[in-house]
1. Within region 86-104, is even one residue assigned by TED's automatic domain parsing to the domain that holds Val61, out of contact with any His (no Cβ under 8 Å at 6 or more places or on another chain), within 14 Å of Val158 (Cα to Cα) and not aromatic (Phe, Trp, Tyr)?
Amino acid sequence: MVTQIHSAKESAGMTTLVRKTTKSDSNFKQVLDNAKVASANNKVDLDAIFEKASATYNVPVNLLKAVAKAESDFQPNEVSSAGAIGIMQLMPATAKELGVTDAYDPEQNIMGGAKYLAQKLKLYNGDVSLTLAAYNAGSGNVKKYGGIPPFKETQNYVKKVMNYMNDYIDAPQVASKTVTQSSKNTVADSSLSNNIVDTTANAINLASANNAVDVEGAYERMKMSEAYWRLMEQLFSSQEEEESFI
C-alpha cells in the first residue's frame, strides 16, 4: 500500500513542501475503523454514575447533575482556563486530595466531585447555597465574606445551579476511555511503532470525546501538526523520489 506524505522544510528562509512516496501499514486504517466501532459501543452511562455517587456520598443526585451541567455541560475532556478538569471541573490539587488519579475519567471525576460536595455540605450544615459558593470561589472566600462572596460570577453560578436543580436533567452518554486503549490494541502487534500508535490513539480519543463521531476529521486535523510529520518521517523510510515544490 502506497501513501503520499507531505512535510515542510525550511531552507534559506523559504518553506519547501516535500512529498515522499512511502510504505504504509494497512492496519493504520484499521485503527480508525476500530475507533468508530469502539466509540459507538463503548459509551458511559453518566446517569448511572451520578446515582452511584449520590448513594455513596449522600449528595442529592439533582445537585450533582446541576453542578456538572453548569461546570462542563457533562464534557469529560473539558479543561478551564484555570486548569480545572473534567465533568465536575476538579482542580488538579483538589482531585489529588480526593483520591482521583485520572480526572478525565468520567466515573472518577464525578465520584471526586460528589465527595467534595459532601464535604462542603457537612461544613455548611447542609446549606446548598454556601456549598455552591465554596465550590466556585473557595471556602476561604465564603469565610472571608461571611456568606456568598460578592463576586458576580459566583453569585450567578449559585443561581444557575439552583435553577438547574429544579429541572429534570438527563445526563448524556459519553465515550468511554477504553476507546483509546481498544484502538491501541488493534495494532499492538503490527509494524507500526508505539509512538505512532499513541499519536493515532490520541486523535481517536479527541474524536471520541464529547460524543464526536468524526474520527477521520480529528485525524486530519492532527496531521496538520508539525510534530506529527516529524514522527512520520522518522517512522517510515523513503522508497522513491522526493518532489520539491514551493
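The values are calculated or read from the model by the stated rules, or taken from the named source; none is laboratory data. These numbers come from a predicted model, not from an experiment. Note: ideal-geometry Cβ built from the backbone for every residue, glycine included; neighbour counts use all protein chains shown.
1. Within region 86-104 (the criterion being assigned by TED's automatic domain parsing to the domain that holds Val61, out of contact with any His (no Cβ under 8 Å at 6 or more places or on another chain), within 14 Å of Val158 (Cα to Cα) and not aromatic (Phe, Trp, Tyr)), the answer is no, since none of the residues qualifies.
Residues checked against (1) outside any helix (DSSP H, G or I); (2) modelled with pLDDT of 95 or more:
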{"site": "Asp25", "(1), (2)": "yes, no"}
{"site": "Lys29", "(1), (2)": "no, no"}
{"site": "Asp33", "(1), (2)": "no, no"}
{"site": "Glu51", "(1), (2)": "no, yes"}
{"site": "Thr56", "(1), (2)": "no, yes"}
{"site": "Asn62", "(1), (2)": "no, yes"}
{"site": "Ala66", "(1), (2)": "no, yes"}
{"site": "Phe74", "(1), (2)": "yes, yes"}
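Let's see how each residue does on (1) without any contact (Cβ under 8 Å) to a residue 40 or more places away in the chain; (2) buried (at least 19 other Cβ atoms within 10 Å of the Cβ); (3) not hydroxyl-bearing (Ser, Thr, Tyr):
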| position | (1), (2), (3) |
| --- | --- |
| Ile110 | no, yes, yes |
| Leu117 | no, yes, yes |
| Gly126 | yes, no, yes |
| Ala134 | yes, yes, yes |
